[in-house]
Amino acid sequence: MDSVISGERVRLRKKKLSDARNDYTWHTDAELVKLDAAMHLTISYTQYLISYVSELHLLPHTSHRFAVDTLDGRHIGNCTYYNVNDTRGEAEVGVMIGDRNYWGKGYGTDVIRTLVNHIFGKTNLNRLYLKTLDWNKRAQQCFTKCGFRPCGNLYREGYNFLLMELQRHQWLTQPKEDPPQPDGEAKVPNP
């Protein structure tokens, strides 16, 4: 049995080998790579798969990656919290909806809310932060809806980023649109 974190529109689950094909497609898509300020992959799928298998088994304890599925089980993206620093009580979050059919329909917002609720509900972390390209207004709007606030700017590797953060005490006091499920988790059978 794998633990699944349920939201209103999505389920976050542990990454698995069958996600590799979608992930490769998304990491070789010029528009998605640009939105993520990442390098465009130029390696073959076979080379990517070798690296992917290693990453699935060697993920450090400071990084937690999830696949994003629709409620009917379609893999549409990924999210993560990483650079976990227990001493400082903080972590960085990230999200990517790779399937364009799910853009602009609230899935990204639900992913962030679900991930934030899980992190603040299940860990001792007190601050979540992220960076988004300064021109990516759609992402900024999503993060703002979820309670993140601008906290600075960063220039790195030719990109200008807006830094945003959400503190636990802010999360505790923000109005909840929908009450979270008890624990925010549900058990589903292993496929």
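Per-structure values
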| item | result |
| --- | --- |
| Enumeration of residues in region 69-118 that are closer than 20 Å to Asp36 by Cα and among the small types (Gly, Ala, Ser) | Gly77, Ala91, Gly94, Gly98, Gly104, Gly106, Gly108 |
| Filter pass, Lys187 being within 21 Å of Lys122 (Cβ to Cβ) and either at pLDDT 50 or above or outside any strand (DSSP E or B) (or both) | no |
| Filtered residue count, region 149-175, keeping only those that are out of contact with any strand residue (DSSP E or B) (no Cβ under 6 Å at 6 or more places or on another chain) and among the hydrophobic types (A, V, I, L, M, F, W, C) | 2 |
| Condition met for Arg113 (under 17 Å from Ala67 (Cα atoms), among the basic types (Lys, Arg) and modelled with pLDDT of 95 or more) | yes |
| Restricting region 77-98 to residues that are in contact (Cβ under 8 Å) with a residue 60 or more places away in the chain and not small (Gly, Ala, Ser), the residue that is surrounded by the most Cβ atoms within 10 Å (Cβ to Cβ) | Cys79 |
| Of all residues in region 1-53 being of a type in the set (Asp, Glu) and loosely packed, with under 13 Cβ neighbours inside 10 Å, the one that is farthest from Asp72 (Cα to Cα) | Glu31 |
| Filter result for the condition that a residue is in a loop (DSSP other than H, G, I, E, B), out of contact with any Ser or Thr (no Cβ under 6 Å at 6 or more places or on another chain) and of a type in the set (Val, Ile, Thr), over Ile43, Ile50 | Ile43 |
| Cross-chain or 6+ apart pairs with Cβ under 8 Å, region 132-149 first and among the small types (Gly, Ala, Ser), then at pLDDT below 95 and assigned to a loop (DSSP other than H, G, I, E, B) | Gly147/Gln174 |
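The values are calculated or read from the model by the stated rules, or taken from the named source; none is laboratory data. What you see is a predicted model, and the numbers here were worked out from it, not measured in a lab. Backbone-built Cβ (ideal geometry, glycine too); neighbour counts: all protein chains shown.
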